[in-house]
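A.B. asks: One structure, as structure tokens, below. Some questions next.
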Amino acid sequence: MKAKKLLAVSLAASTMLGLAGCGGSSSSTSSSSKSSSSEDKALTAKITVWSPQEDQSKANGNWLKKECQAFAKQHPKWKLTFKYGVCSEADAGKTVTQDVSAAADVYMYANDQLGTLIDANAVAQLGGSTLQTVKDTNSASMLKSVTSNGKVYGIPFTGNTWFMYYDKSVFSSSDVKSLDTMLTKGKVAFPLSNSWYLGSFYLANGCTLYGDGTQAKKGVQFGGDKGYATTKTLVDLVNNKNFSDDADGKGLAGLRSHKIKAMFSGSWDYDAVKKALGKNFAATQLPTVKIGGKDQQLKSFAGSKAIGVNPKSKNMEVAVKLAAYLGGEKAQKDHYTLRSIIPCNTALLKEKSIASDPLIKAQNDTINNTSVLQPTIAAMNNYWTPVETFGKALVAKQVTTKNYKAKTDAFQKSLNSDASK
């Protein structure tokens, strides 16, 4: 009975705060979730916020400090002190879970970290008006990227995927629909030894990751006839004179020297690629590749980067509202202006200046047309190393036309050696 009573009090409070499912760590402060500062009760709070270093750089307009100060002005009855720390979105799953109680109140994470964060009770479930806003201002794919078992755990602020940059003086808009066609006209760099990219070939040919992406017991299925055909295609790709493995910045260096005519990357390389290609800059969604004699659509992993709230925050009301602000329309627009971080807010994406940006079109077309949602379950931790090892073996030409089936079998076994039973 005691446990049920505590849960009832917690849920009642969390509903008003825009939270749900935060257990005993939820604040019981009675406060409206409306944004009007006139409804805020006076309080004093010290809020720790973690973000990548780039968001705290003067050269980038110190986005994080700018937004936190703007948030404070919206709530004049709150006496807020902000403490800033550095943690990249990719490291959140590791850093936050080391000591949840000592971690930031608000932090950023890449959605592939979600399973790890949930398992460690290190990210708060959203509810109330905060949840409704997330649903109202994001596409279905963005919402799904921060959802687990029907519950939402973050506020997306940008999509996260990779697509293709190319030299439009070499490849036509028709050429870039097929990787095979491109390889007859110019040198293409692809990060085959990078496990975030390699799986796109197997996914193109109907191979699966944990069933629908949430079923750990089904494991990774990159073997069998579909896997053999895919590996054979990769062996042929590595032996193509117009293929280059993009490792250690070789793709970008090749664009600058004009030896490489296309590469696969994401928005983080936009400025450098645009400078390298100049007037010949172009970007687009992923092409098809011929596997087993059929044109199959390459499929990148897609997800989001999101703002998360620590369920052990001592100032839950402030933390939730700050997270909503940092992931909101104005903050996303500032992020785009200062750092070219592509917004995912649906209203912003309709603005003419944003909708006409070729970078944004390439990323959103990829997310909507040529991608799969990257699984967020903890079992994905077993995926990365075997794929990277196999990719390096392909590039080193240790996988050949004579042994590719045996190598695929070994690869399939390694992918599932630690799978949940």
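A.B. asks: Among (1) within 17 Å of the chain's Cα centre (by Cα); (2) modelled with pLDDT of 90 or more, which single condition is E329 missing?
C.D. replies: (1)
A.B. asks: Continuing with the same structure: Mind telling me which of the residues A355, A406, A378 ends up being hydrophobic (A, V, I, L, M, F, W, C), farther than 19 Å from Q215 by Cβ and under 24 Å from the mean Cα position of the chain (by Cα)?
C.D. replies: A355
A.B. asks: Can you tell me how many residues in the stretch 278-331 are surrounded by fewer than 21 Cβ atoms within 10 Å (Cβ to Cβ) and in a helix (DSSP H, G or I)?
C.D. replies: Looking only at that region, the number is 5.
A.B. asks: Does the stretch 144-182 hold any residues that are of a type in the set (D, E) and open to solvent by 20 Å² or more (accessible area, probe 1.4 Å), and which are they?
C.D. replies: Residue satisfying the conditions is D180 alone.
A.B. asks: A follow-up question, please. Determine, yes or no, whether G227 is touching a Ser or Thr at 6+ places or on another chain (Cβ under 8 Å), small (G, A, S), buried (at least 19 other Cβ atoms within 10 Å of the Cβ) and in a helix (DSSP H, G or I).
C.D. replies: yes
A.B. asks: Would you mind stating whether K232 is farther than 20 Å from V395 by Cβ and either open to solvent by less than 20 Å² (accessible area, probe 1.4 Å) or touching a Phe, Trp or Tyr at 6+ places or on another chain (Cβ under 9 Å) (or both)?
C.D. replies: In short, no.
A.B. asks: For the stretch 67-85, what are the residues that are farther than 16 Å from A323 by Cβ and either in a strand (DSSP E or B) or under 26 Å from the mean Cα position of the chain (by Cα) (or both)?
C.D. replies: K79, T81
A.B. asks: The conditions are (1) open to solvent by 40 Å² or more (accessible area, probe 1.4 Å); (2) at pLDDT below 95, and K397 fails exactly one of them. Which is it?
C.D. replies: (2) is the only condition that K397 fails.
Here is a yes/no grid of residues against (1) without any contact (Cβ under 8 Å) to a residue 12 or more places away in the chain; (2) hydrophobic (A, V, I, L, M, F, W, C); (3) closer than 14 Å to T48 by Cα:
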| residue | (1), (2), (3) |
| --- | --- |
| K77 | no, no, no |
| L80 | no, yes, yes |
| Y84 | no, no, yes |
| A90 | no, yes, no |
| Q98 | yes, no, no |
| A110 | no, yes, no |
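The values are calculated or read from the model by the stated rules, or taken from the named source; none is laboratory data. Bear in mind the structure is a predicted one, so any value in this text is a computation, not a measurement. Note that we place each Cβ from the backbone using ideal geometry, even for glycine, and neighbour counts take in every protein chain shown. Quick note on the areas: whole protein, heavy atoms, side chains included, nothing else; ligands and nucleic acids left out. Shrake-Rupley method; radii C 1.70, N 1.55, O 1.52, S 1.80 Å.
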